[in-house]
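Single-structure report; data block below.
The values are calculated or read from the model by the stated rules, or taken from the named source; none is laboratory data. As the structure is a computational prediction, the values presented were derived from the model and not from experiment. All Cβ positions, even for glycine, are placed from backbone atoms using ideal geometry, and neighbour counts span all protein chains on display. Ligands, DNA and RNA are excluded from the accessible area calculation, which covers all protein heavy atoms including side chains. Shrake-Rupley method; radii C 1.70, N 1.55, O 1.52, S 1.80 Å.
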Amino acid sequence: MKYICLGYIEPNKFENLSEAERNALVDACFSYDDELRKNGHFAGGEGLQGPQSAATLRWENGKVAVTDGPYAETKEQIGGILILEARDLNHAIQLMSKHPGVKAGPFEIRPAADLSGMMQESEERRG
């Protein structure tokens with residue numbers, strides 16, 4: 001089953017590390033990602049640019065409104081996603097608890113939704 005892991009980072013936490021500490025953390029993260037790949041658990045992932053590069057779309061007054069920045073005004077911002085293949089949520093938690101990225105901020109883990117039935121029904125209605 002696929003799990004979407006949302007990696008959050010606290011503002012300035014990464015930037016306040018020394019260069020050696022940043023390099024060690026990055027290298028450890030990529031090394032663990034390689035281990036996940038080798039064992040068939042890494043199904044994809046991407047890092048994200050900072051929240052200042054985001055745009056948020058909302059439906060307001062019958063049209064799309066676009067605002068700069070992230071939707072949530074929180075201290076921690078999403079830094080990336082990792083798509084994990086795991087037996088169940090406990091297995092996903094076990095795998096991600098070893099990820100060095102947890103030191104930079106929390107990971108939220110959610111099962112991927114199976115939308116195949118909904119897509120099929122929609123195709124039939126539209127077809």
- Query: Hey, among Arg58, Arg125, Arg87, which residue is assigned to a helix (DSSP H, G or I), of a type in the set (D, E, K, R) and more than 28 Å from Lys13 (Cβ to Cβ)?
  - Reply: Arg125
- Residues in the stretch 30-55 that are exposed (fewer than 10 other Cβ atoms within 10 Å of the Cβ) and part of a helix (DSSP H, G or I) total 2
- Message: I'd like to know if the stretch 15-29 contains one or more residues that are assigned to a loop (DSSP other than H, G, I, E, B) and in contact with an Asp or Glu (Cβ under 9 Å, 6 or more places away or on another chain).
- Response: no
- Query: Hey, among Arg110, Arg58, which residue is surrounded by 10 or more Cβ atoms within 10 Å (Cβ to Cβ), at negative phi and more than 16 Å from the chain's Cα centre (by Cα)?
  - Reply: Arg58
- Does the stretch 81-104 include one or more residues that are surrounded by fewer than 14 Cβ atoms within 10 Å (Cβ to Cβ), modelled with pLDDT under 90 and over 20 Å from Cys29 (Cβ atoms)? no
- Task: May I ask you to verify whether Ile78 is in contact with a helix residue (DSSP H, G or I) (Cβ under 6 Å, 6 or more places away or on another chain), assigned to a strand (DSSP E or B), open to solvent by less than 100 Å² (accessible area, probe 1.4 Å) and of a type outside the set (Gly, Ala, Ser)?
- Result: no
- Of (1) of a type in the set (Val, Ile, Thr); (2) part of a helix (DSSP H, G or I); (3) touching a residue at least 12 places away in the same chain (Cβ under 8 Å), Val102 fails just (3)
- Query: Out of the stretch 32-52, which residues are out of contact with any Lys or Arg (no Cβ under 9 Å at 6 or more places or on another chain) and free of Cβ contacts under 8 Å to residues at least 12 places away in the same chain?
  - Reply: Asp34, Arg37, Lys38, Asn39, Gln49
